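Reviewing the structure listed below.
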Amino acid sequence: MHPFVHESLPGRVVFAAGAVNSLPAEVDRFTQPRVLLIAAEAERHLAARVETLLGDRVVAVWRTVRQHVPTDLADDAAAAAAAAAANLLLSVGGGSTTGLAKAVALRTGLPVLAVPTTYAGSEMTPIWGQTDKGTKTTGRDTAVLPRVVVYDPELTTGLPTAVTAASGMNALAHCVEAAYAPGASPVTTAQAMTAVEVLTDALPRAVDHPDDLDARSDALYGAFLAGSVLATAGISVHHHVCHVLGGLFDLPHAQMHAIVLPHATWAVAAADPEALRALERVLGADVPARLFDLTARLGLPTALAAIGMQDADIDIAVPRVLAATAGDPTPLTPATARRLLHAAVGGTRPDKSR
Ligand code: NAD
């Protein structure tokens, strides 16, 4: 057993099919709740049920949500919370919606109750992110960590197949990185490996049969574990590469994660074969190839060229990738970084002999 430090984060999690019906009781655990409901226009049908259940506890509804949380949007939503004298933020939606609620919490200090409807996992982390004039800033603050998370798989049966696959692979990326991230402990590794097992089994079922509630429950459970390990184990090579590529080329977040993951894992193994041992016990001997095959099985693109990055961009990305991963436990060499990016842009199946 290696020495370790493990820090548990606070938070209450309610998980059940139909758990949304417990929202009035969960909201009433807060003193004289005055709720600002944050839910995107596209999720109006899901939020309508919540609004009906909560009745006059909801004092205002905020419906404008955009990816990457623009700062002016968060300022406006915070002003709406103040104007309505809200004392509780309730987010219903995917990672973009949870992200907006967290940015409002950062500005106002108001507590967040999150009802996630994708597999992004943001609801379990104290990590916030926002974008100003094309520059994304992220940080950690326990003030933005949702105090309560209500997981209801019934809300996810309408999640489109492409979002199911991409946000599910994003969740899997959190767990894969947890195997070798700097904050890993035996506790996070145990959670992460359970999540890898659960997600690799559930995601193909959820993609094949979107209204299979068992598959949806398993996938959402995996996403809960994935968010939890992201919060405590932290991130490493894969997430740092994605931050660079997302910032430079504005690639779609979850798809980019799915495509890069097999190649980043290959690069980690090239630096330290021991880093993948826990994953090998769950996924078998060739982890990068297994992740590549799963991405393809879920119907996702397997080449960054398909989502906006070209071979000519690799020279721009290499120095940034090297700088961003220099502090990781398994830093990349220039040759490994270049091979990782070439394979990810071209969609080459990672091969142990490569
Ligand atoms: P998203 O929230 O943008 O949602 C993707 C799409 O799915 C949207 O069109 C949305 O309208 C739709 N949708 C969501 N739920 C639905 C449902 N139940 N039924 C039908 N449609 C539904 O994407 P995402 O992948 O959930 O989140 C990505 C964002 O989350 C990124 O900005 C990422 O940076 C952030 N994130 C943050 C953390 C963190 O810890 N801070 C962790 C993971 C992801």
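No value in this document is a laboratory result; all are computed from the given coordinates. Predicted model, so just to flag it, every value in this text is computed and none were measured. Heads up, the Cβs are rebuilt from the backbone with ideal geometry, glycines too, and the neighbour counts pull from every protein chain shown.
Remarks
- Sequence-ordered 3J(HN,Hα) estimates for the range 6-23 from the Karplus curve with 6.51, -1.76 and 1.60 and θ = phi - 60° stand at 10, 10, 8, 9, x, x, 10, 10, 10, 10, 5, 5, x, 4, 4, 5, 8, 4 Hz, glycine and proline given as x.
- Relative counts (whole %) of C-alpha pair distances in the chain, using bins that are 10 Å wide: 6, 26, 34, 24, 9, 2, 0
- Amide H contacts under 5 Å for Val58, placed H, 5+ residues apart: Val35
- Each Lys and Arg Cβ is given +1 and each Asp and Glu Cβ -1; about its Cα centre, the range 63-131 then shows a dipole of about 60 debye.
- Convex hull per residue volume in Å³, alpha carbons only, for the range 240-313: 96 Å³
- In the range 108-177, chymotrypsin sites (Phe, Trp or Tyr not before Pro) in a DSSP loop with at most 16 other beta-carbon atoms within 10 Å: none
- Across all Cα atoms of the range 160-231, the radius of gyration (one decimal) and Dmax (whole number) stand at 11.8, 38 Å.
- Beta bridges from DSSP with both residues in the chain: antiparallel share about 25 percent, rounded to the nearest 5.
- Charge dipole (debye, nearest 20) of the chain; +1 at Cβ of Lys and Arg, -1 at Cβ of Asp and Glu: 380 debye
- The range 113-124 - phi-based ³J(HN,Hα) in whole Hz, Karplus 6.51/-1.76/1.60, Gly and Pro as x: 10, 10, 10, x, 10, 10, 9, 4, x, 4, 4, 9
- Here the Karplus curve 6.51 cos²θ - 1.76 cosθ + 1.60, taken at θ = phi - 60°, turns the phi angles of the range 281-296 into couplings of 5, 9, 9, x, 5, 10, 4, x, 5, 4, 5, 4, 5, 5, 4, 5 Hz, with x standing for Gly and Pro.
- Distance between modelled label sites at Met1 and Arg66, nm, 7 Å Cα→Cβ extension: 5.0 nm
- Distance from the C-alpha centroid of the range 247-300 to that of the range 166-213: 12 Å, rounded to the whole angstrom.
- Projected area, mean over directions - the range 201-354, Cα convex hull, nm²: 9.0 nm²
- Point-to-point label distance, Ala162-Thr135, nm (Cα→Cβ direction, 7 Å offset): 3.2 nm
- Cα-based Rg and Dmax for the range 88-177, where Dmax is the largest Cα-Cα distance (Å): 13.1, 37
- From its DSSP helices (H runs of at least four residues, each -39,500 (n - 2.57)), the chain gives a residue-normalised ellipticity at 222 nm of -16500 deg cm²/dmol.
- Taking only the Cα atoms of the range 40-101, the radius of gyration and Dmax are 11.3, 31 Å.
- Cα-based Rg of the range 104-143 normalised by 2.2 N^0.38 Å, two decimals: 1.26
- The H on the amide N of Leu88, modeled in the peptide plane, is under 5 Å from the matching H of Arg34, Leu36, each at least 5 residues off or on a different chain.
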